[in-house]
Amino acid sequence: MQTAPIPENESERLAAVHRLAILDTAPEKRFAKLTKEAAESLNMPISTISIIDENREWYKSCYGLDQKQGDRSISFCGHALLSSDIFIVEDTRNDPKFADNPAVVGPPYIRFYAGVALRDQKTNRPIGVFCVKDFKPRKLSIKEIGLIIEIANRAERELNTKG
């Protein structure tokens, strides 16, 4: 397993995360609506809006899991955070970065992942990731990729707007 990389500008990225003052805030319908829409539209069991803190991925919204956060070092979103495009893993068992990941070899047995980095509007630094996950391998259509990107863009706008 490859641990999630840390960007060179991590201190500036974390400053952007903290400036948004969203970490550890209460759930909000505007975010829950987006994760539910993605999961239902794409027939995916899991969708999250994850904010990547220093050592954790914290879920501003999490559809399909009872968790509120996870370990950044083993997170899929920690990898997607640094991608300039949608980050897709069609079958986690066939990807050396994830094949022996605890979430792949154990519960919840993630087999598919797609995530889009979410950015702070003021600095353009990545602050989190909008993602969908499945328990089975998948290939996305162009239409499905477009839908994930479109919902991620809406999530990004919401994160940069005070509720």
Legend entry - For Glu57, distant residues with modelled amide H under 5 Å away: Gly70, Asp71, Arg72
Inset, instruction - Loop only per DSSP, at most 12 neighbouring Cβ atoms within 10 Å: give me the GluC sites (Glu not before Pro) in the stretch 24-65, ordered by residue number. - result: Glu54
Inset, instruction - Collect residues whose amide H, placed 1.01 Å from N in the peptide plane, falls under 5 Å from the amide H of Arg119; neighbours closer than 5 in sequence don't count. - result: Ile127
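If DNA, RNA and ligands are ignored and the probe is 1.4 Å, what is the ranking of Lys133, Lys68 by accessible area, most exposed first? Kindly include the intermediate steps, with their values, before the conclusion.
Values: Lys133 15, Lys68 140 Å².
Highest to lowest solvent-accessible surface, that is Lys68, Lys133.
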Legend entry - Most mobile of Ser75, Ser84, Ser61 in a GNM of the chain (Cα contacts under 10 Å): Ser84
Legend entry - Choice from Pro27, Pro126, Pro45 showing the highest fluctuation, given a GNM over the chain with Cα pairs closer than 10 Å: Pro27
Legend entry - Computed helical MRE - 222 nm, the chain, DSSP H runs ≥ 4 contributing -39500 (n - 2.57), nearest 500: -9500 deg cm²/dmol
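Would you mind checking Lys136/Lys162; Lys139/Lys162; Lys60/Lys97; Lys29/Lys143 for any pair whose Cα atoms are more than 31 angstrom apart? Write down the numbers at each step before the final one.
Values: Lys136/Lys162 36 Å; Lys139/Lys162 35 Å; Lys60/Lys97 25 Å; Lys29/Lys143 26 Å.
Flagged as over cut-off: Lys136/Lys162; Lys139/Lys162.
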Legend entry - Residue of Gly128, Gly115, Gly64 that the Gaussian network model of the chain assigns the largest fluctuation, springs spanning Cα pairs under 10 Å: Gly64
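Quick one: grab the alpha carbon gyration tensor of the stretch 90-154, order the square roots of its eigenvalues as a ≥ b ≥ c, and give me rounded if a/c is under 1.5, else prolate or oblate depending on whether a/b is larger than b/c.
Taking the square roots of the gyration eigenvalues as a ≥ b ≥ c, the stretch 90-154 is oblate.
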Legend entry - For Cα extents along the principal axes in Å, calculated from these coordinates, the label among [x] 79, 30, 29; [y] 46, 36, 30; [z] 37, 32, 29: [z]
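The values are calculated or read from the model by the stated rules, or taken from the named source; none is laboratory data. The structure displayed is predicted, hence computed values, not measured ones. Every residue, glycine as well, gets a Cβ built from its backbone with ideal geometry; the counts of neighbours run over all protein chains shown. Calculation scope for accessible area: heavy atoms of the full protein, side chains included, ligands and nucleic acids excluded. Shrake-Rupley method; radii C 1.70, N 1.55, O 1.52, S 1.80 Å.
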